[in-house]
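Engineer: Encoded as structure tokens, here's the structure I'll be asking about.
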Amino acid sequence: MLYKNTKKIFFMLCIFLLITLIIYTNEVGSKTIFVDDNTEKDYNSIQRAIENASSGDTIFVYSGGYLENILINKKINLIGENKNTTIIDGDYNGDVIKITADGVKIQGFKIQSSGTDVNSYGINILSDDNEIYDNKITSNANGIRIYSSSGNFLENNSIFYNYYSGLFVNFSNKNIVKNNLVSDNIHNGILMVGGENNSFVGNNISSNSNYGFFSEYNSKNNIFYHNNFFDNISKIVDNGSNTWFNSELKKGNFWSDYLDRYPNSEDKNSDGIWDTAYEISGDNKDEYPLVENYPNSEKEIIENGGNKKANETPGFVFLLTVFAITFYVVFLKKKRKK
């Protein structure tokens, strides 16, 4: 009886291992495609490289100027050599980059010159679970839009000198916006119309000519903390119902105009939190306004936001294989002794 049960367990373990290996092999089978605007690597056009890529491929783009409007309709990693010198220019026509596939990663580009109308974007995200990391998005009608999407992760981007809004969150939920610079946009730093359970953590939102942040009434249950709000001309307007502090950490945001509004406020217990809450609009307030501006950190606890998926590693498959082999060898030895 013990032999039969052990054999059954081992058989199931082997099936599980086989499935895992198939999934991992599929990932390993992806390739890297090279794009260079001057010399013929694999391609000299990013869009052509995408059209000839398969899901899971990486497209590496060398420094240069790429006058293109790009549609990403498959899961790829689009990596630029240098965000200062790898430039995608939309030539003032529509979206510079439109993402319709899930699970896309874009890193290391300067993205500029979208169309000039209000519905044009440097990056237009229309899908889920994408990662936009370490880019410069500038001189567009709008910087980035997240539309009807969830699970997207925007980190370490500089979004500046865009005409309408730096970031437009539009009917999107459970996205994370972390450690970005959103500055010097002509109208709004961040505009939110219809969004829930999004997290904004560790961003510098400064010198935007209209509002640093503006939300409509249908934006709710979003959380903002450890952000720095500097010198936005019309400050912050939140017509929704959102949380402007982390209740677990008891930390809010830094407001450059805090002492202008509350000149008599104190930090009596020297915990780095002003004793008077910062009122925003409606019933929204920051209960734990920071005395000093907050440095960006990659070790924050994210509340209410989307989950950034951890990268799978071959170590798990290797350990599982070793375990299966060891289990089988021990089982054979015991069987022979009997």
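Engineer: Output the qualifying pairs, or none if there are none: Cβ atoms under 9 angstrom, residues six or more apart or on different chains, first residue in segment 85-98 and surrounded by 21 or more Cβ atoms within 10 Å (Cβ to Cβ), second residue modelled with pLDDT under 95.
Structural biologist: Qualifying pairs under 9 Å: none.
Engineer: Output the number of residues of segment 136-151 satisfying the condition of being touching a residue at least 40 places away in the same chain (Cβ under 8 Å) and touching a Gly at 6+ places or on another chain (Cβ under 7 Å).
Structural biologist: Looking only at that region, the number is 4.
Engineer: Okay, next question. Scan segment 46-62 and report the pairs whose first residue is over 13 Å from V104 (Cβ atoms) and at pLDDT 95 or above and whose second residue is among the polar types (S, T, N, Q) and surrounded by 15 or more Cβ atoms within 10 Å (Cβ to Cβ), with Cβ atoms within less than 6 Å and a gap of 6+ or a chain change.
Structural biologist: Final answer for the pair search is V61/T86.
Engineer: Within the group S150, S113, which residue is within 27 Å of S219 (Cα to Cα) and in contact with a Ser or Thr (Cβ under 7 Å, 6 or more places away or on another chain)?
Structural biologist: Numbers: S113 fails: within 27 Å of S219 (Cα to Cα).
Result of the check over S150, S113: S150.
Engineer: Filter segment 192-213 for residues that are of a type in the set (A, V, I, L, M, F, W, C) and surrounded by 24 or more Cβ atoms within 10 Å (Cβ to Cβ) and give the result. Spell out how you get there, then give the answer.
Structural biologist: Taking segment 192-213 as the starting set, the residues that turn out to be of a type in the set (A, V, I, L, M, F, W, C) are 192-193, 200-201, 205, 213.
Of everything in segment 192-213, those that are of a type in the set (A, V, I, L, M, F, W, C) and surrounded by 24 or more Cβ atoms within 10 Å (Cβ to Cβ) turn out to be M192, F200, V201, I205, F213.
Engineer: In segment 224-238, is there at least one residue being of a type in the set (K, R), in contact with a strand residue (DSSP E or B) (Cβ under 9 Å, 6 or more places away or on another chain) and under 27 Å from K105 (Cα atoms)? Walk me through it before giving the result.
Structural biologist: Initial filter on segment 224-238 (of a type in the set (K, R)): 235.
Next, only the ones that are in contact with a strand residue (DSSP E or B) (Cβ under 9 Å, 6 or more places away or on another chain) stay: 235.
Right, trim to under 27 Å from K105 (Cα atoms) and you get none.
Within segment 224-238 (the criterion being of a type in the set (K, R), in contact with a strand residue (DSSP E or B) (Cβ under 9 Å, 6 or more places away or on another chain) and under 27 Å from K105 (Cα atoms)), the answer is no, since none of the residues qualifies.
Engineer: What are the pairs with Cβ atoms under 7 angstrom where one residue, in segment 161-184, is closer than 17 Å to N124 by Cα and the other, located anywhere, is basic (K, R) and surrounded by fewer than 21 Cβ atoms within 10 Å (Cβ to Cβ)? Sequence gap at least six, or different chains.
Structural biologist: Close Cβ pairs satisfying both conditions: I176/K308.
Engineer: When segment 96-112 is examined, which residues are found to be part of a loop (DSSP other than H, G, I, E, B) and under 16 Å from N152 (Cβ atoms)? Reasoning before the result, please.
Structural biologist: Taking segment 96-112 and keeping what is part of a loop (DSSP other than H, G, I, E, B), we get 96, 100-104, 108-109.
Passing the criteria: T100, A101, D102, G103, V104.
Engineer: At pLDDT 95 or above and in a loop (DSSP other than H, G, I, E, B) - does that describe any residue in segment 310-318? Before the answer, list the steps.
Structural biologist: Our first condition is that a residue be at pLDDT 95 or above; within segment 310-318, this holds for none.
Scanning segment 310-318 turns up no residue that is at pLDDT 95 or above and in a loop (DSSP other than H, G, I, E, B).
Engineer: Surrounded by fewer than 15 Cβ atoms within 10 Å (Cβ to Cβ), touching a strand residue (DSSP E or B) at 6+ places or on another chain (Cβ under 6 Å) and either at pLDDT 95 or above or not basic (K, R) (or both): does that describe S297? Spell out the reasoning first.
Structural biologist: Details: surrounded by fewer than 15 Cβ atoms within 10 Å (Cβ to Cβ): yes; touching a strand residue (DSSP E or B) at 6+ places or on another chain (Cβ under 6 Å): no; either at pLDDT 95 or above or not basic (K, R) (or both): yes.
Answer is no for this residue.
The values are calculated or read from the model by the stated rules, or taken from the named source; none is laboratory data. Keep in mind it's a predicted model, so treat the numbers as computed, not measured. Note that each Cβ is placed from the backbone with ideal geometry, even for glycine, and that neighbours are counted across all protein chains shown.
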